[in-house]
1. Only one of GLU11, GLU45, GLU29 is part of a helix (DSSP H, G or I) and either open to solvent by 30 Å² or more (accessible area, probe 1.4 Å) or modelled with pLDDT of 95 or more (or both). Can you tell me which?
2. Just need a number here: residues in region 130-162 that are among the β-branched types (Val, Ile, Thr) and under 19 Å from ALA42 (Cα atoms).
3. When you check GLN51 against the structure, is it buried (at least 21 other Cβ atoms within 10 Å of the Cβ), more than 11 Å from the chain's Cα centre (by Cα) and closer than 21 Å to PRO147 by Cβ, yes or no?
4. Does LYS123 satisfy the condition of being touching a strand residue (DSSP E or B) at 6+ places or on another chain (Cβ under 6 Å), surrounded by 13 or more Cβ atoms within 10 Å (Cβ to Cβ) and either closer than 27 Å to LEU58 by Cα or of a type outside the set (Lys, Arg) (or both)?
5. So which residues in region 93-121 are among the hydroxyl-bearing types (Ser, Thr, Tyr) and on the phi > 0 side of the Ramachandran plot?
6. Just give me the residues in region 153-187 being of a type in the set (Val, Ile, Thr) and open to solvent by 60 Å² or more (accessible area, probe 1.4 Å), in sequence order.
7. Kindly provide the set of residues from region 136-152 that are part of a helix (DSSP H, G or I) and either within 21 Å of THR35 (Cα to Cα) or open to solvent by less than 70 Å² (accessible area, probe 1.4 Å) (or both), ordered by number.
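The values are calculated or read from the model by the stated rules, or taken from the named source; none is laboratory data. As the structure is a computational prediction, the values presented were derived from the model and not from experiment. Heads up, the Cβs are rebuilt from the backbone with ideal geometry, glycines too, and the neighbour counts pull from every protein chain shown. Quick note on the areas: whole protein, heavy atoms, side chains included, nothing else; ligands and nucleic acids left out. Shrake-Rupley method; radii C 1.70, N 1.55, O 1.52, S 1.80 Å.
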Amino acid sequence: MLPLGSCSADEPTSATSSAPAVVVVLGNEPLDDATPTVDTVARVETAVEFQRQHPGTLLLFTGGSTAGTNTEARMMADLAIAQGASTNSIRIEEKARTTQENARFTAELVRAIRPQRILIASKAEHLEWAMPVFQRLDVFQNAEPLPCKGDRAASIVQMEQYLKMHPGNERVRERLRRLKEGVKGTD
(Lines give C-alpha, C1' and ligand atoms only; values in the text may rest on other atoms or scores of the structure.)
Protein backbone atom coordinates (compact mmCIF):
# COMPACT_ATOMS: atom_id res chain seq x y z
CA MET A 1 0.00 0.00 0.00
CA LEU A 2 1.09 3.51 -0.67
CA PRO A 3 1.93 5.73 2.31
CA LEU A 4 -0.68 8.40 2.90
CA GLY A 5 -1.31 11.23 5.27
CA SER A 6 -3.29 8.80 7.36
CA CYS A 7 -5.50 10.01 10.17
CA SER A 8 -7.98 8.29 12.37
CA ALA A 9 -10.67 9.73 14.55
CA ASP A 10 -8.47 9.62 17.64
CA GLU A 11 -5.25 10.73 15.94
CA PRO A 12 -4.60 14.42 15.22
CA THR A 13 -3.55 15.41 11.73
CA SER A 14 -0.09 16.79 11.12
CA ALA A 15 -1.53 19.42 8.78
CA THR A 16 -2.34 22.20 11.21
CA SER A 17 -1.90 25.14 8.87
CA SER A 18 -4.89 26.53 7.09
CA ALA A 19 -5.70 24.91 3.74
CA PRO A 20 -7.70 26.70 1.06
CA ALA A 21 -10.25 23.87 0.99
CA VAL A 22 -10.93 20.38 2.24
CA VAL A 23 -13.16 17.99 0.32
CA VAL A 24 -14.59 15.31 2.62
CA VAL A 25 -15.37 12.36 0.34
CA LEU A 26 -17.94 9.97 1.78
CA GLY A 27 -17.31 6.29 1.33
CA ASN A 28 -19.55 3.80 -0.41
CA GLU A 29 -19.54 0.08 0.33
CA PRO A 30 -17.39 -1.69 -2.29
CA LEU A 31 -18.53 -4.88 -3.98
CA ASP A 32 -15.73 -6.77 -2.25
CA ASP A 33 -12.36 -6.08 -0.65
CA ALA A 34 -10.86 -4.86 -3.94
CA THR A 35 -13.75 -3.72 -6.16
CA PRO A 36 -15.03 -0.16 -5.77
CA THR A 37 -18.51 0.69 -7.01
CA VAL A 38 -19.22 2.96 -9.96
CA ASP A 39 -20.48 5.44 -7.37
CA THR A 40 -17.21 5.33 -5.42
CA VAL A 41 -15.21 6.01 -8.57
CA ALA A 42 -17.47 8.97 -9.44
CA ARG A 43 -16.98 10.47 -5.96
CA VAL A 44 -13.20 10.23 -6.27
CA GLU A 45 -13.18 11.63 -9.81
CA THR A 46 -15.29 14.61 -8.69
CA ALA A 47 -12.98 15.30 -5.74
CA VAL A 48 -9.78 14.99 -7.78
CA GLU A 49 -11.20 17.29 -10.48
CA PHE A 50 -12.11 19.87 -7.82
CA GLN A 51 -8.57 19.60 -6.46
CA ARG A 52 -7.11 20.18 -9.94
CA GLN A 53 -9.23 23.32 -10.32
CA HIS A 54 -8.41 24.52 -6.77
CA PRO A 55 -4.72 23.89 -6.01
CA GLY A 56 -3.90 23.35 -2.36
CA THR A 57 -7.13 21.48 -1.66
CA LEU A 58 -6.84 18.52 0.69
CA LEU A 59 -8.89 15.40 0.04
CA LEU A 60 -10.21 13.69 3.17
CA PHE A 61 -11.55 10.23 2.39
CA THR A 62 -13.78 8.69 5.06
CA GLY A 63 -15.05 5.15 5.44
CA GLY A 64 -14.15 2.01 7.34
CA SER A 65 -14.10 -1.66 6.38
CA THR A 66 -17.51 -2.73 5.10
CA ALA A 67 -16.79 -5.51 2.59
CA GLY A 68 -13.54 -7.08 3.72
CA THR A 69 -10.41 -5.73 5.35
CA ASN A 70 -9.65 -2.89 2.94
CA THR A 71 -11.29 0.34 4.10
CA GLU A 72 -13.47 2.50 1.88
CA ALA A 73 -11.15 5.43 2.66
CA ARG A 74 -8.00 3.56 1.61
CA MET A 75 -9.68 2.31 -1.56
CA MET A 76 -10.70 5.86 -2.51
CA ALA A 77 -7.25 7.24 -1.70
CA ASP A 78 -5.63 4.64 -3.94
CA LEU A 79 -8.04 5.60 -6.75
CA ALA A 80 -7.21 9.29 -6.26
CA ILE A 81 -3.48 8.61 -6.40
CA ALA A 82 -4.00 6.60 -9.61
CA GLN A 83 -5.76 9.68 -11.02
CA GLY A 84 -2.79 11.89 -10.20
CA ALA A 85 -3.55 13.23 -6.71
CA SER A 86 -0.47 13.66 -4.55
CA THR A 87 -0.21 11.56 -1.39
CA ASN A 88 0.67 14.79 0.45
CA SER A 89 -2.78 16.18 -0.37
CA ILE A 90 -4.69 13.18 0.98
CA ARG A 91 -5.91 12.33 4.46
CA ILE A 92 -7.91 9.25 5.41
CA GLU A 93 -10.34 8.40 8.19
CA GLU A 94 -10.79 4.63 8.37
CA LYS A 95 -13.27 3.96 11.18
CA ALA A 96 -16.62 5.38 10.02
CA ARG A 97 -19.30 2.93 8.94
CA THR A 98 -22.25 5.35 8.68
CA THR A 99 -22.82 8.89 7.45
CA GLN A 100 -23.22 10.02 11.06
CA GLU A 101 -19.82 8.54 11.88
CA ASN A 102 -18.31 10.12 8.74
CA ALA A 103 -19.35 13.51 10.12
CA ARG A 104 -18.31 12.85 13.70
CA PHE A 105 -14.96 11.23 12.93
CA THR A 106 -13.86 13.82 10.35
CA ALA A 107 -14.91 16.85 12.43
CA GLU A 108 -11.75 16.92 14.57
CA LEU A 109 -9.53 16.34 11.56
CA VAL A 110 -11.12 19.23 9.70
CA ARG A 111 -10.88 21.47 12.79
CA ALA A 112 -7.13 20.80 12.96
CA ILE A 113 -6.68 21.61 9.26
CA ARG A 114 -8.63 24.89 9.58
CA PRO A 115 -9.65 25.13 5.92
CA GLN A 116 -11.13 28.26 4.44
CA ARG A 117 -13.72 26.16 2.63
CA ILE A 118 -15.25 22.72 3.31
CA LEU A 119 -17.06 20.59 0.76
CA ILE A 120 -18.78 17.24 1.22
CA ALA A 121 -18.62 14.94 -1.83
CA SER A 122 -21.14 12.23 -2.55
CA LYS A 123 -23.97 11.66 -5.00
CA ALA A 124 -26.74 14.26 -4.95
CA GLU A 125 -29.34 11.85 -3.55
CA HIS A 126 -27.10 11.07 -0.58
CA LEU A 127 -26.15 14.71 0.00
CA GLU A 128 -29.84 15.67 0.39
CA TRP A 129 -29.90 14.01 3.80
CA ALA A 130 -26.15 13.86 4.57
CA MET A 131 -25.61 17.64 4.55
CA PRO A 132 -27.94 18.24 7.53
CA VAL A 133 -26.12 15.46 9.43
CA PHE A 134 -22.80 17.22 8.84
CA GLN A 135 -24.14 20.71 9.45
CA ARG A 136 -25.28 19.76 12.97
CA LEU A 137 -21.59 19.90 13.90
CA ASP A 138 -20.18 23.41 14.27
CA VAL A 139 -17.16 22.81 12.04
CA PHE A 140 -19.44 21.84 9.14
CA GLN A 141 -22.10 24.56 9.51
CA ASN A 142 -20.89 26.31 6.33
CA ALA A 143 -19.96 23.16 4.44
CA GLU A 144 -21.02 23.01 0.82
CA PRO A 145 -22.26 19.98 -1.10
CA LEU A 146 -20.07 18.71 -3.93
CA PRO A 147 -22.37 16.36 -5.84
CA CYS A 148 -21.02 13.71 -8.15
CA LYS A 149 -22.97 12.05 -10.89
CA GLY A 150 -24.74 8.96 -9.61
CA ASP A 151 -25.50 6.53 -12.42
CA ARG A 152 -28.04 3.93 -11.37
CA ALA A 153 -27.94 2.17 -14.77
CA ALA A 154 -24.12 1.88 -14.66
CA SER A 155 -24.32 0.57 -11.09
CA ILE A 156 -26.79 -2.10 -12.15
CA VAL A 157 -24.59 -3.16 -15.07
CA GLN A 158 -21.51 -3.28 -12.83
CA MET A 159 -23.26 -5.47 -10.25
CA GLU A 160 -24.69 -7.80 -12.89
CA GLN A 161 -21.23 -8.25 -14.44
CA TYR A 162 -19.69 -8.73 -11.00
CA LEU A 163 -22.22 -11.44 -10.11
CA LYS A 164 -21.36 -13.39 -13.27
CA MET A 165 -17.83 -13.74 -11.89
CA HIS A 166 -18.85 -14.00 -8.20
CA PRO A 167 -22.27 -15.69 -8.18
CA GLY A 168 -22.07 -16.53 -4.48
CA ASN A 169 -21.87 -12.93 -3.27
CA GLU A 170 -25.32 -12.64 -1.71
CA ARG A 171 -24.60 -9.18 -0.34
CA VAL A 172 -24.11 -7.77 -3.85
CA ARG A 173 -27.09 -9.78 -5.12
CA GLU A 174 -29.30 -8.12 -2.48
CA ARG A 175 -27.91 -4.66 -3.28
CA LEU A 176 -28.64 -5.27 -6.96
CA ARG A 177 -32.21 -6.36 -6.20
CA ARG A 178 -32.82 -3.24 -4.10
CA LEU A 179 -31.20 -1.01 -6.74
CA LYS A 180 -33.45 -2.45 -9.45
CA GLU A 181 -36.50 -1.87 -7.24
CA GLY A 182 -35.48 1.78 -6.88
CA VAL A 183 -34.93 1.64 -3.13
CA LYS A 184 -33.26 4.94 -2.16
CA GLY A 185 -29.94 4.72 -0.35
CA THR A 186 -29.06 1.36 -1.89
CA ASP A 187 -26.04 2.66 -3.75
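1. Of GLU11, GLU45, GLU29, the one residue that is part of a helix (DSSP H, G or I) and either open to solvent by 30 Å² or more (accessible area, probe 1.4 Å) or modelled with pLDDT of 95 or more (or both) is GLU45.
2. Here the count works out to 2.
3. Judged against the criteria, GLN51 is a match.
4. yes
5. none
6. VAL157
7. Selection gives VAL139, PHE140, ARG152.
Okay, residues lined up against (1) of a type in the set (Val, Ile, Thr); (2) within 25 Å of GLN51 (Cα to Cα); (3) not in a helix (DSSP H, G or I):
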| residue | (1), (2), (3) |
| --- | --- |
| ILE120 | yes, yes, yes |
| ILE156 | yes, no, no |
| LYS164 | no, no, no |
| LEU176 | no, no, no |
